[in-house]
1. Could you look through region 174-185, keep only residues that are more than 15 Å from residue 68 (Cα to Cα) and not hydrophobic (A, V, I, L, M, F, W, C), and pick out the one that is surrounded by the fewest Cβ atoms within 10 Å (Cβ to Cβ)?
2. Looking at 268, 287, which is the one that is at pLDDT 65 or above, surrounded by 14 or more Cβ atoms within 10 Å (Cβ to Cβ) and among the hydrophobic types (A, V, I, L, M, F, W, C)?
3. Taking the criterion of being touching a strand residue (DSSP E or B) at 6+ places or on another chain (Cβ under 9 Å) and at positive phi, would at least one residue in region 50-57 satisfy it?
4. Between 177, 131, which is closer than 27 Å to residue 276 by Cα, of a type in the set (A, V, I, L, M) and outside the structural domain of residue 292 (by TED's automatic domain parsing)?
5. Does residue 107 meet the test of being assigned by TED's automatic domain parsing to the domain that holds residue 62 and touching a residue at least 60 places away in the same chain (Cβ under 8 Å)?
6. Can you tell me which residue among 65, 112, 77 is of a type in the set (Lys, Arg), surrounded by fewer than 17 Cβ atoms within 10 Å (Cβ to Cβ), without any contact (Cβ under 8 Å) to a residue 40 or more places away in the chain and closer than 21 Å to residue 176 by Cα?
7. Within region 160-192, track down each residue that is within 22 Å of residue 37 (Cα to Cα) and in a loop (DSSP other than H, G, I, E, B).
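The values are calculated or read from the model by the stated rules, or taken from the named source; none is laboratory data. Owing to the predicted nature of the structure, the values given are computational and were not obtained by experimental measurement. As a convention, Cβ positions derive from the backbone with ideal geometry for all residues, glycine included, and neighbour counts pool all protein chains shown.
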Amino acid sequence: MNSRIKTNGLRLALILAAFFSYYMAVCQYRLLIQSPITYQIVGGEKGGSSLTKADYENIQEIQQKEESDVSYALWRKTDDLTVENPKWNRVSSISLWTVRGNLEVLFDQPVKLLEEDTRGCYLDAQTAQELFGSTEVVGSEIVCEGRTFTIRGILQGEKALAVIRPRQTEDTNRVTLGNVTGLEAESFQMRYGIEGSAANPFFLRGILQMLLFLFPVGLALRFPKKNGLRWLLLFCLACLFVHQVQIPETMIPDKWSNFQFWTEWWKAAGENIAAYVQQDKTGRELAQIACFLKGAVCSVASLFSILLFGE
C-alpha cells in the first residue's frame, strides 16, 4: 500500500514537473518571438565594408527622405583595450564599440548617446564596479586610448564593454539592421554597396518551435491507443502547429517544382548559421540566445518527465 502511494506520488510530481517545464518553455518561446530579429552584416575577419561618416550620412539622408522605419547601426569593435580611472589609478580591460546610428538596435535596453557626443560613453556595470567600486558613476570620467570620456550611462548585463560615438575621421566596418525581413536586409545591403553576408538568429526560433512539439507528442503517445484523450491531444497538437509555426519567406519557393531551390536554401541556411556563430554577439542577440537555451532545456525536461511517468 505504501509502495503504491509512493509510486502515485512520484507520478503526480513528474506530471506537475512536466507541465511546469513546458509552460516555462512556452514563455521563453514567446519572449523570443517578441524580440525583434536583427541582421548583422559580417564579412571576413575585419567585419565587412569600411564605412565612413559620409557613407553613414548618405544612408541617413535617403532613409529619412523615404520615411523608412528600418533601424540601423554602423559600428566597429576593438578588443583588449585598457580603460583607467585616473583618480584612483585603477585599470581594467574592455572591448570598445564605436557606433553610428541607433544604439538600441545593438542592446536590449535603452541606450541614449547623441551622435555628436564624441566625449560621452556607456560602460558596463562590471567594469564600473572594478574602476569605481560602484555602478553609480554617471558623470565620472575614464581614460581609454589616451582619450577622456564622461560616463553617460551603464550597460546592464554586458561584460567588459564601452560604447562611444566615432569622431569625424573614424570608419566603421559592421552593420546591424533591425525591423527588416531577409529580403529587406539584402536590398539595404545592395543599395548602399555594403559587402558581407547578413547573418540572423531566425533559426533559433525554428529549432525551439520543433522542440515545443516534443512534449505534446510524448504526452499523446503515453495514452492507450483506444483512449479518446490521445486523439484529442493529437488534434490540439495539429492546431498548435498551424497557429504557432512561422514559415520564413526564404523557405517559400517561387515554384514548388523547383527542387534546386531546396538545395540552395539548405546551403544558405548553413552559411547563415556558420556566420552567426562566428560573429560578435550584440546585447540583444545574447538575450535571444539566453531565451532559446532556457526554452530548449525546459522543453527537453518536460518530455523527459512525461516519458518517466509511463502509461
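1. Across region 174-185, the extreme among qualifying residues is 182.
2. 287
3. no
4. 177
5. Considered against the rule, which asks whether it is assigned by TED's automatic domain parsing to the domain that holds residue 62 and touching a residue at least 60 places away in the same chain (Cβ under 8 Å), residue 107 comes out as yes.
6. 65
7. Hits for region 160-192 are 173, 179, 180, 181, 192.
Residues checked against (1) part of a helix (DSSP H, G or I); (2) surrounded by fewer than 16 Cβ atoms within 10 Å (Cβ to Cβ); (3) at pLDDT below 85:
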position: 16; (1), (2), (3): yes, yes, yes
position: 23; (1), (2), (3): yes, yes, no
position: 39; (1), (2), (3): no, no, no
position: 54; (1), (2), (3): yes, yes, no
position: 58; (1), (2), (3): yes, yes, no
position: 61; (1), (2), (3): yes, yes, no
